[in-house]
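Heads up, the thing below is written out as structure tokens.
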Amino acid sequence: MTNEDLDLFVEYLKKTGLTDNTCNRHIRNYKRLPLNDNSTQDDILKSIMNDKTISIPQKLLRLSSGSKYLQYKNMENDKILSNIMELNKQMSKVYNERNQKRKYDYNKQDILNEMERFYDTGNKKAYLLSYLVVTFNTRNKDCDVTIARHKKYCKDKNENYLVLRKNDVVYIRNFYKTCKTYGTKEHIIRNKKILECVNYLMRDKDFKTRKLFKNFYNCTEIIKRNMPFNLKTSDIVRIILNCENSLGDAVKISKNRGTSIGVLNNNYNIKS
């Protein structure tokens with residue numbers, strides 16, 4: 001692929017709504033494939049599926065990037081999509097078995113206690129982020145928020161917002177992993193501590209809006225540093241379901257998180 005063609009491929013990826021990070025990942029994976037202008041999906045499948053040095057997750061990533069390349073070239077990718085579906089089934093089985101055996105050193109009350117410690121020690125950003133994850137079962141990207149003094153400033157549909165009002169805070173999620181399926185999610189937070197935290201973080205009166213994090217590139221590490229016991233957001237969801245494991249809890253988490261019950265069942269081991 002020439003530099004010009006590579007630029008066109010990047011432009012195509014961005015037009016599909018992918019983030020810069022995802023586009024860069026597809027380009028990196030594409031460069032690992034032995035492709036030329038005449039490569040077909042059979043060539044891509046052969047090079048990836050016969051490579052015993054890469055794991056199933058790595059194969060999935062490369063197949064996904066190869067599929068994107070074929071779409072860009074208006075070429076067939078049906079066989080690749082079938083292989084992706086089959087590998088995903090294998091991964092789901094592995095994750096389900098692993099999650100059923102997983103044990104945690106903390107429970108939901110431990111997490112709530114640690115959140116209170118954040119608040120008591122003045123770590124308002126960590127308290128706010130932990131509250132969003134625990135209450136709304138969010139992923140990392142959901143926590144990339146802009147604080148706004150009024151809803152009229154929330155014009156960018158690719159941004160998430162915390163709208164500061166007199167007596168509450170409105171949490172608006174426009175951009176998250178499954179937003180194309182579930183659409184914008186909006187929650188009213190009537191919590192005095194959250195209201196205090198958001199007021200503090202927006203204390204400069206000159207700002208109409210303010211990003212909670214100026215650089216959210218390495219979001220996984222940023223979120224972990226601000227979570228109780230440096231847990232991942234997915235681990236917090238599992239702990240909550242392990243402590244209050246029922247179909248009713250799963251339905252609530254499904255709605256908050258934008259995840260189907262089937263996915264929750266496969267990955268978080270729901271009890272009926």
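The values are calculated or read from the model by the stated rules, or taken from the named source; none is laboratory data. Predicted model, so just to flag it, every value in this text is computed and none were measured. In this analysis, Cβ positions are derived from the backbone assuming ideal geometry, glycine residues included, and neighbour counts consider all displayed protein chains.
Of note:
- Some residue of segment 191-203 being in contact (Cβ under 8 Å) with a residue 12 or more places away in the chain, part of a helix (DSSP H, G or I), under 19 Å from MET115 (Cα atoms) and among the polar types (S, T, N, Q): yes
- The set of residues from segment 97-106 being surrounded by 15 or more Cβ atoms within 10 Å (Cβ to Cβ) and either in contact with a Gly (Cβ under 9 Å, 6 or more places away or on another chain) or assigned to a helix (DSSP H, G or I) (or both) comprises just one member, ASN99.
- Number of the condition not met by PHE118 [criteria: (1) more than 20 Å from ASN256 (Cα to Cα); (2) loosely packed, with under 14 Cβ neighbours inside 10 Å]: (2)
- Restricting attention to segment 9-55, the residues that are without any contact (Cβ under 8 Å) to a residue 40 or more places away in the chain, within 30 Å of GLU159 (Cβ to Cβ) and assigned to a helix (DSSP H, G or I) add up to 12.
- Taking the numbered list (1) over 20 Å from the mean Cα position of the chain (by Cα); (2) surrounded by fewer than 14 Cβ atoms within 10 Å (Cβ to Cβ); (3) not in a helix (DSSP H, G or I) in turn, GLN109 passes all entries but (3).
- Candidates ASN107, ASN96, ASN88: the one that is touching a residue at least 12 places away in the same chain (Cβ under 8 Å) and within 30 Å of TYR127 (Cα to Cα) is ASN107.
- Which listed residue is surrounded by 11 or more Cβ atoms within 10 Å (Cβ to Cβ), charged (D, E, K, R) and either in contact (Cβ under 8 Å) with a residue 40 or more places away in the chain or assigned by TED's automatic domain parsing to the domain that holds ASN256 (or both), from LYS208, LYS152, LYS214, LYS180: LYS208
- Residue within segment 27-40 that is surrounded by 17 or more Cβ atoms within 10 Å (Cβ to Cβ) and either in contact with a strand residue (DSSP E or B) (Cβ under 8 Å, 6 or more places away or on another chain) or at pLDDT 90 or above (or both) present: no
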